[in-house]
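The values are calculated or read from the model by the stated rules, or taken from the named source; none is laboratory data. For clarity, every value in this text was computed on a predicted model and none was experimentally measured. Every residue, glycine among them, receives a Cβ derived from its backbone with ideal geometry; neighbour counts consider all protein chains shown.
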Amino acid sequence: MRYIMILLLPVVMLAKIHYAKVEPFEIVVIKSAVSALVQRVNLQAEGKMVVNAEIIHLDDHLDLKDLNSSKGSLEILHNMLKINQEIVASLEESLKRQKGYYERLNRLSTASKTQKDTAFNSFVSAKNQYLSTQEKIESLKKQILDMEYKISRLEDSISKKSIRLQNRYLYKLTAREGDFVNPGSALATIHDQTRAKLTLFLEPSELKDLDQKVIYIDGKETSYKVDKVWKVSDEKFISSYKTEIYIPKPSGYFSRLLKVELR
């Protein structure tokens, strides 16, 4: 019996050994949010860490013209609103006087019907002019809101046509100058290499007391823990569960294979 146990011990230990590739913490495919012609592509940045630079520029010259025109239209609308607000203030004062004059004249028994009708018509005309200007003001306010929305939409579209990276590794540029892209077209693949991760596929028995287990990498004890565990078995490895261990970025190259043990 002792002899059999000695033979089985290495098999049990081997079951706790995994090999994992050092991968970037996150891999993202940037896709176009708009339809446009690819105007510029920074091929020199491919395969490098981009600190703060534009990697792709989509054609936005019509948007820029429309934006400048819309900003000018918005300024005109604001000026028209200001003028009409001044006009309505004057009309309001005139309306008060016309109303007062009509009411006073209407109470006089000595005033003729023609005088009263003339005063009433002047009052109604002043009121209609006042209400018409108020309506114009409301229409201008609506036009201003519409124009502000259009400007915001154009600014958003323009911002989406300049693809910039901030401290990300540009792995691959998919688009090329002269291509026409649509929403959803792949533009580039980028990596977050600020840290790294190891992906392991563990059997259900290995998940037991996972928090208490010590992780050894290439035979050396570490303070790392399993950071993420999928609760559903993997589609490819149907009897295993995907897990991730987050580690600092390597001093050299990514994609190196490491031996990982859970003890």
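Brief remarks follow.
- Considering only residues in region 154-169 that are among the aliphatic types (A, V, I, L, M) and within 14 Å of residue 188 (Cβ to Cβ), the one that is nearest to the chain's Cα centre (by Cα) turns out to be 163.
- Among residues of region 238-263 that are in contact (Cβ under 8 Å) with a residue 40 or more places away in the chain and outside any strand (DSSP E or B), those with a beta-carbon under 8 Å from a residue that is surrounded by fewer than 16 Cβ atoms within 10 Å (Cβ to Cβ) and β-branched (Val, Ile, Thr) at least six positions away or on a different chain give the pairs 249/194; 263/214.
- Residue check, residue 93 among the acidic types (Asp, Glu) and under 39 Å from the mean Cα position of the chain (by Cα): no
- Considering 134, 143, the condition of being more than 30 Å from residue 48 (Cβ to Cβ) and modelled with pLDDT under 95 is satisfied by 134 alone.
- Residue pairs whose Cβ atoms lie under 6 Å apart, sitting 6 or more positions apart in sequence or on different chains, and linking a residue in region 17-33 that is under 15 Å from residue 201 (Cα atoms) to a partner that is of a type in the set (Asp, Glu) and modelled with pLDDT under 95, are 17/261.
- Residues in region 35-52 that are assigned to a loop (DSSP other than H, G, I, E, B) and surrounded by 18 or more Cβ atoms within 10 Å (Cβ to Cβ): 42 alone.
- Inter-residue pairs, beta-carbon under 7 Å, first more than 22 Å from residue 61 (Cβ to Cβ) and assigned by TED's automatic domain parsing to the domain that holds residue 27 and in region 149-174, second basic (Lys, Arg) and modelled with pLDDT under 95, 6+ apart: 170/48
- Looking at 133, 114, 118, just one residue is assigned to a helix (DSSP H, G or I), polar (S, T, N, Q) and surrounded by 16 or more Cβ atoms within 10 Å (Cβ to Cβ), and that residue is 133.
- Qualifying residue in region 164-179 (condition: aromatic (Phe, Trp, Tyr) and either at pLDDT below 85 or surrounded by 13 or more Cβ atoms within 10 Å (Cβ to Cβ) (or both)): yes
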